[in-house]
Amino acid sequence: MQAGGRVGSERKIVWLAIAICIAAFAVIALWSQQPVAVALAALGSATGLAIIWLLPHFARQVAARWRGLAAVLRFRKEPKFEALPVPLIRFASDGTVLAMNAAARDLAGNGPKTRMAHDMFEDLGRPVADWLRDVAEGRHPGGAEVLRLRNARETRHFVQITAQRFGEAEVMGVLQDATALKRLEAQFTQSQKMQAVGQLAGGIAHDFNNILTAITGHCDLLLLRHRPDDLDHEDLQQIQQNAYRAGALVKQLLAFSRKQTLVPERIDLTEVLGELAHLLNRLLGGAVHLDLNHAPVPIALRVDKGQFEQVIVNLAVNARDAMPTGGVLRIESEVMELTVAAERDRVRVPAGSYAVIRVVDSGTGIPADIMPQIFEPFFTTKRTGEGTGLGLATVYGIVKQSGGFIFVDSAHGEGTEFQLWFPLCTTPAEAAQKVVTRRRAATEGVVLLVEDEAPVRAFAARALRLRGLTVLESASGEQALEIAATDVKIDIFVTDVILPGLTGPEWVEQALQGRAGTPVVFISGYAADAPSEAQGRIPASVFLSKPFSLAELSETVGAQMPRPPTDQPEVLSVS
Ligand SMILES: Nc1ncnc2c1ncn2[C@@H]1O[C@H](COP(=O)(O)OP(=O)(O)OP(=O)(O)O)[C@@H](O)[C@H]1O
Ligand SMILES: [Mg+2]
């Protein structure tokens, strides 16, 4: 305000002086009668006055520039500033980078000579220059902010700047590499997201499996009465097939949320991949050539065979989609010995023996910007109807649940390589001769059936009665215990795991105290329900996962039923 007033009064004085000059020269001109000489004199005087008026302004501006330049040179030459092991950066209030010491240049890189803060940093949420001006002029206390370096788009480099007002109108910032911190933050957010989706999927799956069991179950019952020559037979089959499809989708949801029930077994990798080759060739079509390269030694893994095949199929289908005009899909396997733990993509692979499976395609490759998202459920770059985005999420879930690791390398336009690492199975193979037996389905006996979902209970009871079994129904564990406490004959317990009040394993444990040796069939919606621990404690118990069909239920119950010693199992095959 004061400066403005001073400039205003200066201006008035100069105008007054010019007016006086012109008036004086006009009087002289009239008096001397020499207008040209007088006009030149007037012009000269006005120019002189204007120069006198403007000179201090020029001088002030030149001095300011010089002071700025001198400050920059002084700071650059200042040995202490330059050599300090802490990365330091100095900004003018308008965001001009005045100086950076050697440590700061190492961290942020050497850019063009004159730089502005907004050319170097971004992602503050407001213009960086505004923030610096506020700090420089004392309107903001400064403090730490994490910003992204602009020249590092590919590598996503982040720095933390702790800014503080420095001198009259400058900002001094201390830099710190925040890339690892940001990456951890992103991983944490991602894992929380996956956990939330997993919980959601688990919740849906539980209810959904109950509904699907009731639908498929009642459909099975109807199909028993409507033979193929019946008009309704085909419609019923449609309902059943679609219910199975829905069941498969729930299974996929459970797979990526790692809540599905896996049945790990010892498999020979070469054998499984060999068996799969036929299916893969069909899936890949004529344009894509499949090249299988096995390790020369047998490789034993302990995984769920069906799920492992699903992993390879999903990767192969993705590879095929990435090679629309054809190409080569290479699937290689080898044994890798890690003598020390290895780290990759922030994942630590412990030392040990691994089977490494490489699925390599010569397709479009994966652009770097979508790479962090490819394992996310529902992430797809395919058109609606062509991809659900569950493929890789499922692969990831299965690999993780099986104790393995997955890595991906891809260059845009040059193809993609997925690497699967599974720990080698060290337990020896089961006895060579395996006798496969099947017990004849029991046709009499008493079942105590405990299921809180009325439609599932209704179907299960009818299915078991159709087999000739007597069924005692109960909607809760407490009610089941009351029945078990009576002296009624019970040959087998069939119970849901999750029940209101006492859970399946809880009531069964109590009931077994009075009825030792009674066989148990636990039925449940997903792996989190699987009573693996309790099942370990409860002898003669098996697990049946929902949704199950009429045949699966009666076979499982029939096989668990106690039988008289004369009833020998039927030998199906000896291998
Ligand atoms: N081998 C590959 N080459 C190029 N891009 C790939 C490859 N594998 C996966 N991707 C990319 O990752 C995305 C996610 O793959 P994902 O298998 O999870 O879903 P999808 O294939 O799109 O759908 P879905 O598998 O459910 O049918 C794909 O849309 C694609 O952009
Ligand atoms: Mg896919």
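The values are calculated or read from the model by the stated rules, or taken from the named source; none is laboratory data. Just so you know, these numbers come straight off a predicted model, no measurement behind them. Because the Cβ atoms are built from the backbone with ideal geometry, glycine has one as well, and the counts that use them run over all protein chains shown. The accessibility values were calculated without ligands, DNA or RNA, using every heavy atom of the protein model including side chains. Shrake-Rupley method; radii C 1.70, N 1.55, O 1.52, S 1.80 Å.
Brief remarks on what is shown
- Where a residue in the stretch 325-345 is more than 13 Å from Ile357 (Cβ to Cβ) and its partner, wherever it lies, is of a type in the set (Val, Ile, Thr), with Cβ under 7 Å and at least six apart: Gly326/Val288; Gly327/Val288; Leu338/Val349; Ala341/Val349; Ala342/Val349
- Residue count, the stretch 447-480 (criterion: under 24 Å from Gly514 (Cα atoms) and open to solvent by 20 Å² or more (accessible area, probe 1.4 Å)): 8
- Screening the stretch 282-361 for strands (runs of 3 or more DSSP E) wholly inside it with 2 or more residues that are within 16 Å of ligand 1 (Cβ to nearest atom) and open to solvent by less than 60 Å² (accessible area, probe 1.4 Å) returns the ranges 288-293, 327-338, 352-361.
- If you go through the stretch 284-323 and keep only what is more than 19 Å from Tyr396 (Cβ to Cβ) and either among the polar types (S, T, N, Q) or not assigned by TED's automatic domain parsing to the domain that holds Gly365 (or both), you end up with just Asn293.
- The one condition from (1) touching a strand residue (DSSP E or B) at 6+ places or on another chain (Cβ under 7 Å); (2) surrounded by 15 or more Cβ atoms within 10 Å (Cβ to Cβ); (3) modelled with pLDDT of 75 or more that Val86 does not meet is (2).
- Taking the stretch 362-378 as the range and being within 10 Å of ligand 1 (Cβ to nearest atom) and without any contact (Cβ under 8 Å) to a residue 12 or more places away in the chain as the test, the residues that pass are Ile370, Gln373.
- The stretch 394-414, residues that are polar (S, T, N, Q) and either within 13 Å of ligand 2 (Cβ to nearest atom) or within 13 Å of the chain's Cα centre (by Cα) (or both): Thr394
- Scanning the stretch 367-393 for residues being within 12 Å of ligand 2 (Cβ to nearest atom), at pLDDT 85 or above and among the hydrophobic types (A, V, I, L, M, F, W, C) gives a total of 5.
- Matching option when the condition is open to solvent by 10 Å² or more (accessible area, probe 1.4 Å), touching a residue at least 12 places away in the same chain (Cβ under 8 Å), touching a strand residue (DSSP E or B) at 6+ places or on another chain (Cβ under 7 Å) and not in a loop (DSSP other than H, G, I, E, B), among Ile490, Ile523, Ile483: Ile483
- Test: residue in the stretch 71-80 that is modelled with pLDDT under 85 and in a loop (DSSP other than H, G, I, E, B): yes
- Positions within the stretch 380-413 being near ligand 1 (Cβ under 8 Å from one of its atoms), open to solvent by 30 Å² or more (accessible area, probe 1.4 Å) and assigned to a loop (DSSP other than H, G, I, E, B), in sequence order: Thr380, Thr381, Lys382, Glu386, Thr388
- So Ala214, is it free of Cβ contacts under 8 Å to residues at least 60 places away in the same chain, open to solvent by less than 60 Å² (accessible area, probe 1.4 Å) and not hydroxyl-bearing (Ser, Thr, Tyr): no
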